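Here the structure is laid out as structure tokens; the discussion comes afterwards.
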Amino acid sequence: MNRPFFALPALALLAACGSSGGNEAANSSGAQITGAGSTFVYPVLSAWAADYRNQNGTAVNYQSIGSGGGIAQVEAGTVDFGATDQPLKSDELAKNNLAQFPVIVGGIVPVVNIAGVDAGKLKLTGPILADIYQGKIKNWNDPAIVRLNPGVNLPSAAIAAVHRSDGSGTTFNFTHYLSQVSPAWKAGPGEGKTVNWTGGVGGKGNEGVAGYVKQLPNSLGYVEYAYVVQNKMSYALVQNAAGQFVAPSADSFAAAAGTADWKNAQDFNLVMTNAPGANAYPIAASTFILVPKQPKDKAKSNAVIAFFKYAIEKGQGQATKLDYVPLPADLVKQIEDYISQNVK
Amino acid sequence: MAIRASRRIADVVAFVFATAATTFGLVWLTWILWMTFRQGAAALTPSLFTQMTPPPGSSGGIFNALYGSAVMILLAVVIGTPVGVAAGTYLAEHGRHTRLAAAVSFINDILLSAPSIVIGLFIYELVVRRAGHFSGFAGALSLAIILLPIVVRTTQESLLLIPDTMREAGFALGLPRWRVTRQILYKAAMSAILTGILLGIARIAGETAPLLFTALNNQFWSANLNAPLANLPVVIFQYVMSPYDEWHTLAWAGAFVLTAFVLLLNILVRLIARKGKQG
Amino acid sequence: MNATAAKILEAPRPKKSGAGADRTFELITSGAAWFVLVLLAGIALSMAWGGRLAFKTFGWRFITSPDWDAVGGHFGALVPIYGTLVTSAIALIIAVPVSIGIALFLTDIAPRWTRGPIAIAIELLAAIPSIIYGMWGLFVFAPFMAAHVEPWLSDHLGGKAVIGPLFSGPPIGIGMLTAGIVLGIMVIPFIAAVAREVFSAVPAPLRESAVALGSTRWEVLRHVTLPYTRSAMIGAIFLGLGRALGETMAVTFVLGNAHDLSASLLMPSNSIAAAIANEFTEADTDLYRSSLIALGFLLFVVTFIVLSIAKLLLLRVNKQMGRTH
């Protein structure tokens, strides 16, 4: 036989050198759990996963594909947990036999790429953002923006508005906020993981939006604050319900999160945009983890719960490093009680 | 007799246009290759081949992606080559003037240029949906389907190039047909079939779309074909769409490795073809 | 050859099993051939099956509706189809003249010793993986378009009467024009390869007699070569079109993923392949997933038709040139 069956020995060779390669410690004792969903939580989740793997060998393979995808995959059973920034209602949770709990709080920040405009220099309001994304405000030197920003050199260029092309919990929180502050927006595109965007460019994930804003001149986008920090992007200040222009930071997110009434939220179904308070950041949001209530693979389910227990109990350091807000102790207790009651 | 001015002008214009068109094509080629090599070479470090894909914000390498791609390509070759050679043999030998062969040849050429994303969707429906999870195996299957028409075409053409006198000589010696094919024809067509496989490898090495819904991706080291498997094209896709500079650097490095691999294969194929012609 | 003949002569000659083994061998090879047919049928069927929910829900409106509302559950293929057609059209407008020019250059103008290397260089354009095109397009070419080309276009052509709306809008660099150009560059080598092959296959007597009658190079091309190779050229164009329609990665990065119907080429849009690539892993309802697969089915049908036409034309040309296979 002269067929090129060198393939088989080559495969064996690769497999052999593969298992001894890499710089990870050879600990095949660790399980591998899979998750998918929110890109909002991805920066801190991947940091937790890296620490957790060093600590106990379990690998958390997370695909950052957007909240919509995370919900779909965990409902279909193709991943062990899903992550979404839009909480599911109790009836949908019951229909799919899922448990839901929050794991972190962060903030959604408008980012811009305008020559000469540094981080924190531009001031915007919810209604202005709504008008820009609806195409009513077309240029950066529109009177409405100029009035709010005397002294900022705004070009007469058209605004390239970047939105999410995928099913996004970040979009849900952003559009929920716009619906709260702009009646025109509420009557028009409304809120949701995706809406009927008019014009603009679609980025895939928080990463895609941040990537496009970095690339395209005179662009505007909305991303989770960790992406702003990690990529040194130029963000804008947003006016909150109390009329103050608040800078995004762990403190202003925490001020918003502090007003949330978790005790009375069934299955933790709670959205915290447009929070009251002078220091509250207007577009704060949490990420929720979805796990099956009666998992088929008990070992995997236990591994998932163990990972998130680690995250909410010990992951505060990584969270604050990226300007997320770790959950307060009483909420952590409430979550752990909920899990032991609901996940068998 | 001098020709009319307008005719000469038309001719000069055509000459200039043809030269410009060729320069146009070559300029793009140079620009793309130059940027890939410049950006990629700057990012080439040994850690590229020893470390795994990193989380955003840290440095790392692409070893798991290279490994995953290599394994899936090899598996695709193992699956696709026998089927492709067998089908190509039918088209050239037993079925040479049958209607089945004409139909298969026609359909094969369509599969050759078919959108690879459709093939990814097909394997998703067939394998991933049924199994309930993504897998490197599904990725290898989709690559095998893309490789198959290339191998069929090359086998068919190279077998048809062998003069019938060789077949007749074999029959005259009393050999059964399958022996003629195996011992005479395959041996003679070996280098041509091999070049077909190499060209096929060059093609599937760069295919991204079918892997997006079959093998997905894996940021950790994994040799498990029954789970999502890291691979170079999807890693490049993910990293390019991100805002992180370290990921962009890794993407360029990965692009450099991929392009160099594909170009080297193409050069290798030409060398083999030239040696085959001389021999 | 002597050694092989000797080996064969000395080998044991099993008489009965020869026929049986032959039968088995024929079964294996014809089975593999049937497999190719079954594979294509399987792809078509599974696409149709996966898309049936969308087709049943929307009917013909699926093709004409510009909606794409994942939350409300209204999906229409109009925007992806439009984006696919426009970018492919731009690609062909660029690739066809350039390919003919390259073929003319390689068969008539270039010095003989340069023809091989240049032809190889053009073929290398085809070897470059499409994701490299996409990446280069996003990081290198789109900023170039945004900084140098698109402002010029919208300033000088944006205000004109008929073609104005084609070139209006903010010059962000990503959009149908950039995607079409990148696609065109990708498609050049496919058309150029066929064009070069058939140009050089024009019988020398035909060309030489035209030259003897006093034709210029251009006139030989226009009055002899192109008419003679018309079927092949149309076949090559359809082949390029088939490739352009199905291309995913080159287009996904630079098209903008916007489900928007816009007259301006400078605006972002979406194509069938890019929509599937971007949204499939996140499709969270059966209808959404089915709509994407339905898009895949439409793409498959259209490329099947286009590639079939190409193949038929090229087969006819092969017969003309006396090839038997």
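The values are calculated or read from the model by the stated rules, or taken from the named source; none is laboratory data. In this text, all values refer to a predicted model and were calculated from it rather than measured experimentally. Cβ sites come from the backbone with ideal geometry, for glycine too, and all protein chains shown count toward neighbours.
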Look at residue C:42 and say whether it is at the interface with chain B (Cβ under 9 Å from one of its Cβ atoms), under 20 Å from residue C:276 (Cβ atoms), in contact with a Phe, Trp or Tyr (Cβ under 8 Å, 6 or more places away or on another chain) and free of Cβ contacts under 8 Å to residues at least 12 places away in the same chain. yes
Helices (runs of 4 or more DSSP H) lying entirely in the range A:39-101 (those with 2 or more residues that are more than 23 Å from residue A:341 (Cα to Cα) and within 14 Å of chain C (Cβ to nearest Cβ)): A:67-76
Within the range C:213-234, is even one residue away from chain B (no Cβ under 13 Å), of a type in the set (Ser, Thr, Tyr) and touching a residue at least 40 places away in the same chain (Cβ under 8 Å)? yes
What are the residues in the range C:242-268 that are more than 7 Å from every other protein chain (Cβ to nearest Cβ), small (Gly, Ala, Ser) and part of a loop (DSSP other than H, G, I, E, B), if any? C:262, C:263, C:264
Going through the range C:269-290 in order, the residues found to be touching a helix residue (DSSP H, G or I) at 6+ places or on another chain (Cβ under 6 Å), over 23 Å from residue C:301 (Cα atoms) and in a loop (DSSP other than H, G, I, E, B) are C:284
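Please work out which residue is nearest to the chain's Cα centre (by Cα), limiting yourself to the range C:58-83 and to residues that are within 13 Å of chain A (Cβ to nearest Cβ) and of a type in the set (Gly, Ala, Ser).
Here the residue is C:83.
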Residue C:199, sole failed condition from (1) touching a helix residue (DSSP H, G or I) at 6+ places or on another chain (Cβ under 6 Å); (2) at the interface with chain B (Cβ under 9 Å from one of its Cβ atoms): (2)
Looking at (1) of a type in the set (A, V, I, L, M, F, W, C); (2) within 27 Å of residue C:284 (Cβ to Cβ); (3) assigned to a helix (DSSP H, G or I), which is the only condition residue A:146 fails? (2)
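Given the structure, is residue C:297 of a type outside the set (A, V, I, L, M), within 26 Å of residue B:108 (Cα to Cα) and within 12 Å of chain B (Cβ to nearest Cβ)?
For residue C:297, the condition - of a type outside the set (A, V, I, L, M), within 26 Å of residue B:108 (Cα to Cα) and within 12 Å of chain B (Cβ to nearest Cβ) - is met.
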If you go through the range A:269-285 one residue at a time, do you hit one that is aromatic (Phe, Trp, Tyr) and touching a Leu at 6+ places or on another chain (Cβ under 9 Å)? no
Run down B:21, B:43, B:65, B:102 and say which single residue is more than 22 Å from residue C:247 (Cα to Cα) and within 8 Å of another protein chain (Cβ to nearest Cβ). B:21
When residues of the range A:178-200 are limited to those that are crowded, with 24+ Cβ neighbours inside 10 Å and modelled with pLDDT under 90, the one nearest to residue A:118 (Cα to Cα): A:200
Of everything in the range B:191-213, what is under 29 Å from residue B:137 (Cβ atoms) and more than 11 Å from chain C (Cβ to nearest Cβ)? Give them in sequence order. B:193, B:194, B:195, B:196, B:197, B:198, B:200, B:201
Residues of the range A:271-288 being in contact with a helix residue (DSSP H, G or I) (Cβ under 7 Å, 6 or more places away or on another chain) and not in a loop (DSSP other than H, G, I, E, B), which ones? A:284, A:285, A:288
Please determine, by comparing only the residues of the range C:122-156 that are more than 8 Å from chain B (Cβ to nearest Cβ) and small (Gly, Ala, Ser), which one is nearest to residue C:99 (Cα to Cα). C:126
Out of the range A:258-281, which residues are touching a Gly at 6+ places or on another chain (Cβ under 9 Å), of a type in the set (A, V, I, L, M) and under 17 Å from residue A:176 (Cβ atoms)? A:275, A:280
Name the pairs whose Cβ atoms lie under 8 Å apart, with the first residue in the range C:59-87 and basic (Lys, Arg), the second surrounded by 17 or more Cβ atoms within 10 Å (Cβ to Cβ), and 6 or more positions between them or separate chains? C:61/C:76
Does any residue of the range C:184-192 turn out to be within 20 Å of the chain's Cα centre (by Cα), among the hydrophobic types (A, V, I, L, M, F, W, C) and more than 10 Å from every other protein chain (Cβ to nearest Cβ)? yes
For the range A:289-308, which positions are assigned to a helix (DSSP H, G or I) and either of a type outside the set (Phe, Trp, Tyr) or free of Cβ contacts under 8 Å to residues at least 40 places away in the same chain (or both)? A:298, A:299, A:300, A:301, A:302, A:303, A:304, A:305, A:306
Tell me whether the range B:115-132 contains one or more residues that are surrounded by 24 or more Cβ atoms within 10 Å (Cβ to Cβ), within 18 Å of the chain's Cα centre (by Cα), at the interface with chain C (Cβ under 8 Å from one of its Cβ atoms) and not in a helix (DSSP H, G or I). yes
Answer with yes or no whether residue C:12 is of a type outside the set (Asp, Glu), modelled with pLDDT of 85 or more and not in a helix (DSSP H, G or I). no
Of all residues in the range C:169-185 being assigned to a loop (DSSP other than H, G, I, E, B) and not hydrophobic (A, V, I, L, M, F, W, C), the one that is surrounded by the most Cβ atoms within 10 Å (Cβ to Cβ): C:175
Run down A:247, A:260 and say which single residue is at pLDDT 90 or above and away from every other protein chain (no Cβ under 14 Å). A:247
Considering residues that are more than 8 Å from every other protein chain (Cβ to nearest Cβ), surrounded by fewer than 20 Cβ atoms within 10 Å (Cβ to Cβ) and among the hydrophobic types (A, V, I, L, M, F, W, C), the number found within the range B:163-183 is 4
Going by the structure shown, is residue A:152 within 30 Å of residue B:58 (Cβ to Cβ), hydrophobic (A, V, I, L, M, F, W, C) and either away from chain C (no Cβ under 14 Å) or over 24 Å from the mean Cα position of the chain (by Cα) (or both)? no
Could you grab me the full set of residues in the range C:22-38 that are within 15 Å of residue B:109 (Cα to Cα) and more than 7 Å from every other protein chain (Cβ to nearest Cβ)? C:34, C:38
Counting only strands (runs of 3 or more DSSP E) entirely within the range A:177-259, those with at least 1 residues that are closer than 21 Å to residue C:69 by Cβ are A:201-203, A:219-224
Quick one: would you say residue C:287 is within 12 Å of chain B (Cβ to nearest Cβ), farther than 23 Å from residue C:129 by Cα and surrounded by fewer than 22 Cβ atoms within 10 Å (Cβ to Cβ)? no
Tabulated pairs, the range A:309-325, first over 11 Å from residue A:226 (Cα atoms), second among the hydroxyl-bearing types (Ser, Thr, Tyr), C-beta under 7 angstrom, 6+ apart or interchain: A:310/A:52
